[in-house]
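The values are calculated or read from the model by the stated rules, or taken from the named source; none is laboratory data. Keep in mind that this is a model prediction, so the values were computed, not measured. As a convention, Cβ positions derive from the backbone with ideal geometry for all residues, glycine included, and neighbour counts pool all protein chains shown. The protein model used for the area step is the full one, side chains on, heavy atoms only, and it has no ligands, DNA or RNA in it. Shrake-Rupley method; radii C 1.70, N 1.55, O 1.52, S 1.80 Å.
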Amino acid sequence: MIIDDEHEIAFIHIPKCAGTTVRGYLKEYDRFKGKFSNRVDFHSELGRLDYVHIPLFVLKNHFREEFDLVQSYWSFVVVRDPFKRFASSVTQRLKMYGEKPMQQMSEIEIRNEVERCIDYLKANDRDNFLLPCEYIHFQKQSDYIYVGGEKIIKSIYRTDDIGCLITSLKKRIGLKDGEGCNSGSEAVVENTSLVYRNDFFRLLMIGVSPLKSIVRFFLPDMYEKALKERIYVTRDSRIGDVFSDPYVESFIKEYYQEDINIFCGSISES
């Protein structure tokens, strides 16, 4: 979350929804100097808390001053296709809290992790439930837009409409085209997770892991890049079937039904 008093702007950061791009334009105006932008810390009442991704119902109950500013300022969020976001959330969970990152896992291990996440989310599917840090990237997008059925956020943008948001942001903070820390890039390409092309490469690279730094030192950049292109592929091209499995898709449709409706209804600006 970033609150800009000078321009009366409030950005609520939904996990896995292009937050890094947006923060680039607003971080210098942040009244909290990054307190809600890059921090997992202990809260006296909530325990361990991901301060970057605080849902509105938590903000209302535990950060009342900040919630009141969100209500009074021009507030906005960026939302993402729930099916793509779910896959990205699994990747992020493994990166931050798993025993090993996704690119080092077999397809069976990834399937097991996906089922583990689904089981946990199903068991804790109730209103106003704050997911723990290990699962915060799965928090429903609607929790960052509504409180008690009331729409708090004034403007909603999709990740693929980020250019419209940047144009609106620049106008509000007085930047011209080409200005700002993200100048020259008005569109956002969603982060692409890479995995090993197959289990052969996965096992091979794990086996030679101690030699990686030595090989990288002697290998010219152009050859290192070419080697990576042969070893790695995008997550979806190798294990897309895991996330397009009927069981997984059925869960997403049911669990994130409101998020799907929100995404299909964006852009919304006032």
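General remarks:
- Scanning segment 48-104 for residues that are modelled with pLDDT of 95 or more, within 27 Å of Tyr247 (Cβ to Cβ) and of a type in the set (Asp, Glu) yields one hit, Asp81.
- Scanning segment 133-169 for residues that are over 19 Å from Gly24 (Cβ atoms), under 15 Å from the mean Cα position of the chain (by Cα) and of a type outside the set (Gly, Ala, Ser) yields Cys133, Glu134, Tyr135, Ile136, His137, Phe138, Gln139, Lys140, Gln141, Asp143, Tyr144.
- Residues satisfying the stated conditions in segment 97-110, i.e. in contact with a helix residue (DSSP H, G or I) (Cβ under 8 Å, 6 or more places away or on another chain) and either more than 16 Å from Asp50 (Cβ to Cβ) or of a type outside the set (Ser, Thr, Tyr) (or both): Gly98, Lys100, Pro101, Met102, Gln103, Gln104, Met105, Ser106, Glu107, Ile110
- Residues that are among the aromatic types (Phe, Trp, Tyr) and modelled with pLDDT of 95 or more number at least 1 in the following helices (runs of 4 or more DSSP H) confined to segment 229-270: 246-255, 257-265.
Residue by residue, here is whether (1) of a type in the set (Val, Ile, Thr); (2) over 17 Å from the mean Cα position of the chain (by Cα) holds:
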residue: Thr20; (1), (2): yes, no
residue: Glu28; (1), (2): no, yes
residue: Ser44; (1), (2): no, yes
residue: Val52; (1), (2): yes, no
residue: Arg80; (1), (2): no, no
residue: Pro101; (1), (2): no, no
residue: Arg111; (1), (2): no, yes
residue: Cys117; (1), (2): no, no
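- So Lys16, is it more than 21 Å from His137 (Cβ to Cβ) and either in contact with a strand residue (DSSP E or B) (Cβ under 9 Å, 6 or more places away or on another chain) or part of a loop (DSSP other than H, G, I, E, B) (or both): no
- Residue check for Ser44: within 26 Å of Asn128 (Cα to Cα), small (Gly, Ala, Ser) and either surrounded by fewer than 16 Cβ atoms within 10 Å (Cβ to Cβ) or modelled with pLDDT of 95 or more (or both): yes
- Entry remark, segment 126-178: residues being within 19 Å of Phe251 (Cα to Cα), of a type in the set (Lys, Arg) and in contact (Cβ under 8 Å) with a residue 60 or more places away in the chain number 1 in total.
- When segment 24-41 is limited to residues that are open to solvent by less than 30 Å² (accessible area, probe 1.4 Å) and touching a Leu at 6+ places or on another chain (Cβ under 8 Å), the one that is farthest from Gly163 (Cα to Cα) turns out to be Leu26.
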